[in-house]
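Presented below is the structure to which this report refers.
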Amino acid sequence: MSNAPVADHIHKLQGWRVPRERSKPLSEAIENLQHNALRAQRQLGSFIDAWDKIIPESISRHTMVDAKRGGTVHVNARSASIAFELDRQLREGLLKELRTACQGTIANVRVRVGRIEHATRAAR
């Protein structure tokens with residue numbers, strides 16, 4: 001009996017089981033992460049600035065911009081009535097004003113009832 005096929009198979013297995021070499025150094029991955037985070041912060045920051053200027057004070061103090069994903073900005077509202085009023089005003093033209101006032105693409109603003117952290121801190 002010849003052990004050549006078994007030896008060949010074991011040799012192939014050893015080649016598959018070794019750790020692969022990293023194609024990028026960790027420092028490059030960190031730089032890419034920092035770049036993407038800075039870009040997202042710039043876009044979201046410009047939206048929040050526009051939000052504070054355009055949205056009426058009576059509504060903005062009861063809302064919080066939560067996140068931006070793929071052109072959709074997610075906003076939390078303290079109550080259903082605030083969410084309804086904000087949604088109505090966005091449909092009546094505030095969304096268009098927000099789009100022109102901020103950097104980046106804003107396709108939609110999704111309003112939902114949720115926790116508002118900054119309003120809680122300001123009330124203390």
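The values are calculated or read from the model by the stated rules, or taken from the named source; none is laboratory data. This is a predicted model, so every value here is computed, not measured. Methodologically, a virtual Cβ is constructed for each residue, glycine included, from the backbone with ideal geometry; neighbour enumeration extends over all protein chains shown.
The set of residues from segment 16-47 being of a type in the set (S, T, Y) and more than 17 Å from K68 (Cα to Cα) comprises S23, S27.
When you scan segment 30-42, do you find a residue that is touching a Lys or Arg at 6+ places or on another chain (Cβ under 9 Å) and assigned to a helix (DSSP H, G or I), even just one? There is at least one residue in segment 30-42 that is touching a Lys or Arg at 6+ places or on another chain (Cβ under 9 Å) and assigned to a helix (DSSP H, G or I).
For segment 67-107, the tally of residues that are exposed (fewer than 12 other Cβ atoms within 10 Å of the Cβ), touching a strand residue (DSSP E or B) at 6+ places or on another chain (Cβ under 8 Å) and not in a helix (DSSP H, G or I) stands at 3. Total residues in segment 35-66 satisfying the condition of being touching a strand residue (DSSP E or B) at 6+ places or on another chain (Cβ under 7 Å) and among the polar types (S, T, N, Q): the figure is 2.
Which of the residues spanning segment 55-66 are farther than 21 Å from T100 by Cβ and either charged (D, E, K, R) or surrounded by fewer than 17 Cβ atoms within 10 Å (Cβ to Cβ) (or both)?
If the condition is that a residue be farther than 21 Å from T100 by Cβ and either charged (D, E, K, R) or surrounded by fewer than 17 Cβ atoms within 10 Å (Cβ to Cβ) (or both), then S58, R61, D66 are the ones that fit.
Scanning segment 27-43 for residues that are of a type outside the set (S, T, N, Q) and either touching a Leu at 6+ places or on another chain (Cβ under 8 Å) or at pLDDT 80 or above (or both) returns E28, A29, I30, E31, L33, H35, A37, L38, R39. Tell me, which residue of segment 1-54 that is surrounded by 10 or more Cβ atoms within 10 Å (Cβ to Cβ) and among the aromatic types (F, W, Y) is nearest to A77 (Cα to Cα)? Step by step, filter segment 1-54, then rank; the result is W51.
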